[in-house]
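Notes follow the structure.
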Amino acid sequence: AFPLRYRERVSPRAAVADVVKVAGLSDAQPLALALYRPLGAAPGQLGFKVYRRGAPVVLSDSLPMLEHMGVRVLGEHSDRLEGDDGAIGVYDFELHAPGTEDMEPETVARLFEDGFARVFRGEVENDDFNKLILRGAIPADEVVVLRAYAKYLKQIGFALSQATIEATLAAHPRIARLLVALFRLRFDPDQHDAQAEASQVRAVELALEKVANLSEDRVLRQLLALVQATLRTNFWR
């Protein structure tokens with residue numbers, strides 16, 4: 001079922017992983033993903049495969065999703081498999097993802113694959129908040145917390161735009177991660193700890209002292225104030 005150009009480009013050993021992914025697709029589960037580090041790849045270079053049963057993956061749709069997640073797309077190979085039970089697309093993207101060199105490959109793959117799948121299915125928005133998935137090692141469902149606070153800032157007339165908030169958090173992923181951790185300590189039914197919460201606030205404030213840009217400092221301190229002012233949430237509903 002594999003076309004000639006695929007057989008010329010992909011070794012039999014590498015094709016085994018594709019066969020396993022393709023065999024696992026079904027009408028109920030039409031999408032599968034695989035982030036990997038190619039053999040001999042330069043630092044920050046990754047490969048990302050998308051397997052889709054049925055409708056093809058349009059490059060003009062997937063490219064913005066990947067770029068919003070903070071990676072550059074260097075190239076793409078696509079192959080169409082025609083079987084008895086329908087067509088399956090195999091798309092192989094060459095990515096440059098700076099900052100992932102020191103991260104555990106399994107952690108990078110889990111975060112990236114889950115984030116892309118959620119964006120692809122329309123479960124989370126396709127914006128620059130998704131850069132925090134890799135830069136801050138924050139799962140996509142927790143990035144939603146920071147996105148919600150940014151939307152609230154817009155509602156109450158905060159002067160700086162959502163794009164500025166996105167860029168600020170992307171520039172300070174550690175502080176973004178600290179804010180999400182504070183949110184969890186305040187409201188997670190299994191993690192709530194008043195003493196740990198106070199320590200986390202101090203950790204955020206110490207990190208803020210190192211932020212030199214006044215606009216960025218303003219954004220981050222406003223987010224900290226909102227987390228502390230929040231009374232309840234439906235995040236764990």
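The values are calculated or read from the model by the stated rules, or taken from the named source; none is laboratory data. Because the structure is a prediction, the values reported are computed rather than measured. Please note: Cβ atoms are built from the backbone with ideal geometry, for glycine as well, and neighbour counts cover all protein chains shown. Side chains are part of the model used for accessible areas, which takes the heavy atoms of the whole protein and leaves out ligands, DNA and RNA. Shrake-Rupley method; radii C 1.70, N 1.55, O 1.52, S 1.80 Å.
Residue count for the range 46-62, restricted to those that are touching a Phe, Trp or Tyr at 6+ places or on another chain (Cβ under 9 Å), over 16 Å from LEU134 (Cα atoms) and among the hydrophobic types (A, V, I, L, M, F, W, C): 3.
For the range 185-215, filtered to residues that are of a type in the set (Lys, Arg) and within 15 Å of ALA225 (Cα to Cα), the residue that is most open to solvent (accessible area, probe 1.4 Å) is ARG202. Do you know which of the residues in the range 38-77 that are surrounded by 15 or more Cβ atoms within 10 Å (Cβ to Cβ) and of a type in the set (Ser, Thr, Tyr) is nearest to GLY122 (Cα to Cα)? The qualifying residue nearest to GLY122 (Cα to Cα) is SER62. Highlighted here are the strands (runs of 3 or more DSSP E) found entirely within the range 1-85 that include at least 1 residues which are among the small types (Gly, Ala, Ser), over 30 Å from THR168 (Cβ atoms) and touching a helix residue (DSSP H, G or I) at 6+ places or on another chain (Cβ under 6 Å): 31-36.
Only one of the listed residues (GLN195, GLN191, GLN200) is closer than 16 Å to GLY136 by Cβ and either touching a Cys at 6+ places or on another chain (Cβ under 6 Å) or free of Cβ contacts under 8 Å to residues at least 24 places away in the same chain (or both). That residue is GLN200. Of all the numbered requirements in (1) touching a residue at least 24 places away in the same chain (Cβ under 8 Å); (2) part of a helix (DSSP H, G or I), LEU185 misses one, and that requirement is (1).
Among the residues that make up the range 158-171, is at least one of them touching a Gly at 6+ places or on another chain (Cβ under 9 Å), open to solvent by less than 30 Å² (accessible area, probe 1.4 Å) and in contact (Cβ under 8 Å) with a residue 24 or more places away in the chain? The answer is yes; a qualifying residue exists.
Here is a yes/no grid of residues against (1) part of a loop (DSSP other than H, G, I, E, B); (2) under 20 Å from ALA15 (Cβ atoms); (3) in contact (Cβ under 8 Å) with a residue 40 or more places away in the chain:
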{"position": "ILE88", "(1), (2), (3)": "no, yes, yes"}
{"position": "PRO98", "(1), (2), (3)": "yes, no, yes"}
{"position": "ASP102", "(1), (2), (3)": "yes, no, no"}
{"position": "GLU106", "(1), (2), (3)": "no, no, no"}
{"position": "ALA109", "(1), (2), (3)": "no, yes, yes"}
{"position": "PHE116", "(1), (2), (3)": "no, no, yes"}
{"position": "ASN126", "(1), (2), (3)": "yes, no, yes"}
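If you go through the range 39-63 and keep only what is over 19 Å from the mean Cα position of the chain (by Cα) and without any contact (Cβ under 8 Å) to a residue 24 or more places away in the chain, you end up with LEU39, GLY40, ALA41, ALA42, ALA55, VAL58. Among the residues of the range 116-147, those identified as open to solvent by 50 Å² or more (accessible area, probe 1.4 Å) and under 26 Å from ARG221 (Cβ atoms) are GLU125, ARG135, ASP141, VAL144.
Just to be sure, is ALA176 open to solvent by 60 Å² or more (accessible area, probe 1.4 Å) and either within 17 Å of ARG135 (Cα to Cα) or not in a helix (DSSP H, G or I) (or both)? No, not satisfied.
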